[in-house]
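The values are calculated or read from the model by the stated rules, or taken from the named source; none is laboratory data. Treat the numbers as computed from the prediction; the structure is a model and nothing was measured. Cβ coordinates were reconstructed from backbone atoms using ideal geometry, including for glycine residues, and neighbour counts include every protein chain displayed.
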Amino acid sequence: MSLRQSICIAVAALLLASQGALADANTSPTASTGPISVKVNMARVLRINSPAATVIVGNPGVADVTIQDPLTLVLTGKSYGQTNLIVLNASGTPIADTVLEVVQNQADLVTVFNAGQRATYACASRCAPTVMLGDAPAFTQEQTQSLDLVRNSQN
């Protein structure tokens, strides 16, 4: 291999490394632009370019990240909002520092506001109540009690 080829390979490797260490499982390892988004109550697989030893989430109430294997992280949206994610290697050196954004799954959801009270319904083929963060406490309690009745009747 010539000196010129070696330099080209080294420059390409540096450019790839500078693009960011995090990538969505559905994208290329260098496609890390803007915040990483996940829907609330859903999980998402993230692939990283360097082995991770430690993950730190700024606000664990918003999102959770676990190490599936050294090159695979699982991101779970817990509550709406933004926080940050820092990934460290075995020697404690940061290999990624990015923003996580937890958003609402908008597909087939209808939000009803009545006298200042909010209720959410999932309306795929027909509408059914579903509990979402921000719904009125009375609505949430009613749906939880209904679910408990169904569970108890099955036992």
Which one is farthest from the chain's Cα centre (by Cα) among residues in the stretch 86-133 that are among the hydroxyl-bearing types (S, T, Y) and over 22 Å from P51 (Cβ atoms)? S125
Quick count over the stretch 75-96, residues being part of a strand (DSSP E or B) and either surrounded by 15 or more Cβ atoms within 10 Å (Cβ to Cβ) or in the same structural domain as T140 (by TED's automatic domain parsing) (or both), is 13
Do the conditions hold for Q68, that is, is it free of Cβ contacts under 8 Å to residues at least 40 places away in the same chain and out of contact with any Lys or Arg (no Cβ under 7 Å at 6 or more places or on another chain)? yes
